[in-house]
Amino acid sequence: MKPACKNEPKPGWYARLQGNEIDLKCWRRSLNEPFDPVAIKLPDGQTALRSIDFEELHDASEVRERALILIGRLNGALSLWNGARSVTFGGIVKIDETGKQHTWIFAEAAALEMRIDVMSAALVSIGSDGKPLPPSPPTPSQPQDWNRLAQENDDVSDLLDHFGGADNWFDIYKTIEYAGIVVGSPRKLEKLVDKSIDANNLKRNANFYRHARQVKYPRPEKVISLKEAGPMLAIVVRTALSFIVSNPEQPD
């Protein structure tokens, strides 16, 4: 018997993903049926993304436009969730009713790097009789929940998109800006973020570096590196997402 959560190719549109196999595996582990979107391995071994966003589209160019937005958003969600590095769009695949695969290749390309796989741990609950309890009903993964939230809120979508590419000071700054928008204001964000993280200083550093040390943006008293900024930024983003989940109404 096949596992209930195993993702199988179905007729329809897919966006092929390119990247390090370690990260592609993270996508397949994190994005599972019966929720949306879903990452699967196609019969040819390629990893591909399926989404209800693609279902009513008529040509590969339309699917590409939707896929680029979705992949950017999910890169942010998966980076925040389990540290996955960004993957890129690698073309469009359509599986017809006979199972035949049709492929469209566009200009996007990916740079790969060697990394070590880290296995995900599985939690098993034990009953009073000492035997494993049956698994709980499946629930959406955190990235799937964040993606659904982003579909309903453009600011959350932009937040995840910029965080997904935040290996530079410009995107770090934009991520912090959108985090402030999501919670209602930059001042509210500063109050919400854990006090061990100086969100205001992080923003000042990003502003200083992205403006190439202009006089208008003086060097912060406490200078941080890009490497230090990454984990701090993740806490800021998690704070903003937790706030919007707990306060689904648009902030004042």
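Quick note: the coordinates plus some simple rules give every number you see, no bench work behind them. All figures in this text were calculated on a predicted structure; none of them were measured in a lab. No Cβ is skipped: glycine too gets one built from the backbone with ideal geometry, and neighbour counts run over all protein chains shown.
Whose amide H sits under 5 Å from the amide H of L57, counting only residues 5 or more places off or on another chain, with H placed in the peptide plane?
Residues meeting the criterion, in which the H sits 1.01 Å from N, do not exist here.
Provide the per-residue ³J(HN,Hα) series for the range 47-61, in order, calculated from phi with Karplus coefficients 6.51, -1.76, 1.60 and θ = phi - 60°, each as a whole number of Hz, with x at glycine and proline positions.
Result, rounded to whole Hz: 8, 9, 10, 10, 8, 5, 4, 8, 4, 8, 7, 10, 9, 5, 5.
What full-extension length gain, to one decimal in nm, is calculated for N247 and D167 as 0.36 nm per residue of separation minus the Cα-Cα distance?
25.9 nm is the gain from fully extending N247 to D167.
Each label point is 7 Å from the Cα along the Cα-to-Cβ direction; what then is the distance between the points at D44 and L68, in nm?
Once both label points are built, they end up 2.2 nm from each other.
Which ³J(HN,Hα) values in Hz, rounded to whole numbers, follow from the phi angles of the range 163-176 under the Karplus curve 6.51 cos²θ - 1.76 cosθ + 1.60, where θ = phi - 60° and Gly and Pro get x?
Listing the rounded values in order: 5, x, x, 7, 9, 8, 5, 4, 5, 4, 4, 5, 4, 5 Hz.
Taking θ as phi - 60°, what are the ³J(HN,Hα) couplings along the range 12-23 by the Karplus curve (6.51, -1.76, 1.60), each to the nearest whole Hz, with x for Gly and Pro?
3J(HN,Hα) across the range 12-23, in whole Hz: x, 8, 9, 9, 6, 10, 10, x, 5, 4, 4, 6.
Hey, rough spin-label estimate for I224 and K195, points 7 angstrom out along Cα→Cβ, what's it come to in nanometres?
1.7 nm
For K216 and D154, what is the calculated FRET efficiency with R₀ set at 22 Å and r taken between the beta-carbons, to the nearest 0.05?
About 0.15, to the nearest 0.05.
So what's the gap between the Cα centers of the range 183-233 and the range 1-67, to the nearest angstrom?
Centre-to-centre (Cα) distance: 36 Å.
Mind listing the long-range amide H neighbours of S141? Cut-off is under 5 Å, sequence gap 5 or more, other chains count too, H placed in the peptide plane at 1.01 Å from N.
Answer set, sorted by chain and number: N32.
So which of K94/K174; K10/K174; K195/K222; K195/K227 end up more than 26 Å apart by C-alpha?
Going by Cα-Cα distance, K94/K174; K10/K174 fall outside the 26 Å limit.
Among 33-39, 149-155, 93-99, what's the highest-first ranking by average C-beta atoms within 10 angstrom per residue?
Most protected by this proxy first, the peptides run 33-39, 149-155, 93-99.
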